[in-house]
Every structure is written in structure tokens, then in C-alpha cells.
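Inspection log for the structure reproduced underneath, given as C-alpha cells.
The values are calculated or read from the model by the stated rules, or taken from the named source; none is laboratory data. Just so it is clear, the model here is predicted, and its values are computed rather than measured. Neighbour counts are summed over all protein chains in view; Cβ atoms, including those assigned to glycine, are modelled from backbone coordinates with ideal geometry. Please note that ligands, DNA and RNA were not included when accessible areas were found on the heavy atoms of the full protein model with its side chains. Shrake-Rupley method; radii C 1.70, N 1.55, O 1.52, S 1.80 Å.
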Amino acid sequence: MTTGTPSLPRELMLLLALSTLWGASYTFIKIGVETIPPITLITARTLIAGAILVAVIRWRGLAFPRDAATWRRFLFQACLNSVVPFTLIAWAQQTTDASLAAILNSATPIFAFLITALLTRHEAVTSRKLLGVGAGLVGICLIVGVQALGGLGRELSAQLAIVAATVCYAGAAIYGKGFKNLDPMLPAAGSLVCGAALLVPVSLAVDHPWTLAPSAASTLALLALATFSTALAFVIYFRLVRTLGSVGTTAQAYLRVPIGVAIGVVFLGESLSTMGVVGLLFVVAGVAAMTIPANGSIIR
């Protein structure tokens with residue numbers, strides 16, 4: 001990793017990349033759970049992604065920490081950032097649309113802001129960040145429209161599961177600050193390995209994966225989910241937690257919805273209304289307010 005001062009434009013580009021990778025994950029999950037049970041899908045996701053990162057770590061000549069305390073922290077991070085939220089979202093998306101999952105999950109910065117303001121207070125809670133939270137929510141509402149939220153009254157348990165996953169992600173962003181002295185790839189790989197260790201026995205006992213016959217589409221979605229939306233995304237995520245801060249990093253959740261809309265416009269022929277364009281501007285303004293510090297430097 002670079003040892004000098006991180007470049008703000010580069011970090012914001014990485015924030016955009018992370019938003020795209022995680023924004024695509026909802027579609028991958030929706031396709032995956034069509035023929036792969038949620039627990040087994042997430043087990044394979046963490047196992048494949050963890051194996052990829054371990055291989056890259058060996059190739060780079062890095063060494064995992066050997067102390068038990070760090071691995072306990074990896075295990076706790078795994079519960080917050082993969083095992084619990086991944087499984088909850090995959091279970092919920094059996095009955096919930098990918099777009100609605102993305103919308104509900106976009107509340108991550110709200111919970112990160114509230115946890116920071118009320119409990120940890122490890123980052124400055126400024127009026128500008130509060131304004132960013134509000135602007136982001138307004139933008140999302142303008143983009144998706146009131147009608148898109150009409151499904152909130154149905155499948156309540158699935159939607160509450162996604163909200164619970166969102167709270168986990170917020171806690172993970174804050175807890176992840178404790179790994180700032182490690183190369184970002186180490187907590188990313190360590191937490192995924194711990195997550196796989198927890199999930200594999202559950203998958204074997206509950207789903208009997210050797211009896212499954214997943215479709216080609218579900219298999220390809222799983223591979224994309226593990227490789228791009230998990231392995232690569234986690235490395236970017238832990239870097240941004242270190243450079244932009246936990247609240248700034250979770251601001252990527254706002255970008256998931258507009259990116260999804262843009263993909264629909266370009267590849268699916270969907271249209272973006274004038275109100276949608278205004279909403280995009282609100283989202284960009286909100287992300288800027290939450291990620292760009294007043295002095296113009298990266299939040300450390």
C-alpha cells in the first residue's frame with residue numbers, strides 16, 4: 001500500500017468503485033438464490049472470496065497476524081460485516097426485489113452517523129455530515145419515487161432483516177477503524193476466512209450442498225459476487241475506512257441506487273425522469289458533504 005498521504009480524488013474514485021461493486025451485489029444475490037439456498041450461497045461467497053484474498057496475500061509476501069487477539073477481532077468483524085448481514089440479505093431477497101434491498105440498505109450512513117454521535121464519538125459529528133445524511137436520503141427518495149417504496153408494507157420480516165443487516169454494516173464500518181495499522185487486505189481476508197469457518201458447518205448441516213443442482217446463471221452470479229462484490233470490494237472497503245473514516249465510507253450506500261438507475265438506463269432501456277436527475281444531484285451533494293473534510297484533507 002502507499003505510505004504517503006492518500007489523494008482525495010483517488011479515494012473518492014475508490015468510493016465510486018466500491019459503490020458499483022456492492023450495488024451490483026443485490027442483482028447477483030437475487031439471481032443466486034433462485035437455485036442456491038441463502039446459507040450455502042453466502043458460505044460459498046465468503047469461502048471463495050477468502051481463498052482469493054489469501055492467495056493474493058501470499059503472492060504479495062504479506063503475513064497474517066499470529067496473535068489470538070487480532071483473530072478474535074477478525075471473527076467479530078466477520079459477524080458484523082459478512083456472516084450476519086450477508087445471510088440476512090440473501091434470505092430476504094428470496095421474496096424481496098433487489099432494488100428494494102438496495103434502497104433499504106442505503107440507510108447504512110444514517111446508522112453509522114447515529115452510532116458515532118450517540119456511542120463511540122470517535123469522529124467529529126458536524127452539521128455538514130448531518131446535512132449530507134439528509135441530502136442523501138432526499139436524493140434517494142427523488143430517484144426511486146414514492147411508488148418504489150410502496151412495497152414496504154409487504155414481506156415485513158424480510159424488510160426488517162435487511163434493516164438489521166444495515167445496522168450491522170454501520171457497526172462494521174466503525175469497528176473496522178481498529179484495523180488501520182494493518183494492510184487493508186489482511187482484515188479483509190481474515191474476516192472472510194473467519195466467516196467461512198462459521199458458515200461451512202451450518203451449510204453442511206442445513207442445506208446438504210452436495211445434493212444441490214444450481215443453474216448456470218446462479219453459479220455465474222455466485223462467482224461474480226464472490227470475486228468482485230466481495231474479495232475486491234472488501235480490500236477497497238478497508239482502505240476507505242482508514243482514509244475517509246467510517247461515516248465517510250458508508251456514504252457509498254447512497255451511490256448504490258443511482259448507479260443501479262444508470263445501469264438500467266444504459267443497458268435495459270429504462271428512462272430517468274427529471275426528478276431522478278435532481279435526485280442524483282442531491283445524492284452527489286450528500287456524499288461530498290459526508291466525505292470531504294472542511295480542511296480539504298483526507299479524514300484519518
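Quick one: compute the contact order of segment 8-291, relative version, from alpha carbon pairs under 8 angstrom and 6+ residues apart, as a percent.
Working: 406 pairs, mean separation 115.6, N = 284.
Once divided by the residue count of segment 8-291, the mean separation gives 41 percent.
Expressed as a whole percentage, what fraction of the accessible surface of segment 8-291 belongs to carbon and sulfur atoms when a 1.4 Å probe is rolled over the protein heavy atoms?
The computed percentage sits at 72.
Subtract the Cα-Cα distance of T274 and A197 from 0.36 nm times their separation in residues, and report this length gain in nm to one decimal.
Numbers: separation 77, 0.36 × 77 = 27.72 nm, distance 4.80 nm.
Length gained between T274 and A197: 22.9 nm.
Quick check: pseudo-label points 7 Å beyond the Cα along Cα→Cβ at A63 and T126, how many nm apart are they?
Rounded to a tenth, the inter-label distance reads 4.0 nm.
At a 1.4 Å probe radius, which order do L12, L220 fall into by accessible area, largest first? Show your work: numbers first, answer last.
Details: L12 50, L220 120 Å².
Descending accessible area places them as L220, L12.
How many Å² of accessible area per residue for segment 8-291, probe 1.4 Å?
Numbers: 12150 Å² over 284 residues.
Per residue, segment 8-291 has an accessible area of 43 Å².
Arrange the residues Y175, Y26 by how much accessible surface each exposes, largest first, with a 1.4 angstrom probe. Kindly include the intermediate steps, with their values, before the conclusion.
Details: Y175 75, Y26 10 Å².
Heavy-atom accessible area, descending, gives Y175, Y26.
With each label point set 7 Å from Cα along the Cα-Cβ vector, what nm distance links A205 and A285?
With each label placed 7 Å out from Cα toward Cβ, I get 5.2 nm.
What does the charge count around N105 come to, taking other residues whose C-beta lies under 14 Å from its C-beta (Lys +1, Arg +1, Asp -1, Glu -1)?
On the way: positive: K30, R256; negative: D97.
That sum, taken over residues with Cβ under 14 Å, equals +1.
Summing +1 for each Lys or Arg and -1 for each Asp or Glu, what net charge is found among the other residues whose Cβ lies under 14 Å from the Cβ of M185? Intermediate values should be presented prior to the final figure.
On the way: positive: R58, R60, K180, R239, R242; negative: D183.
For residues surrounding M185, the net value is +4.
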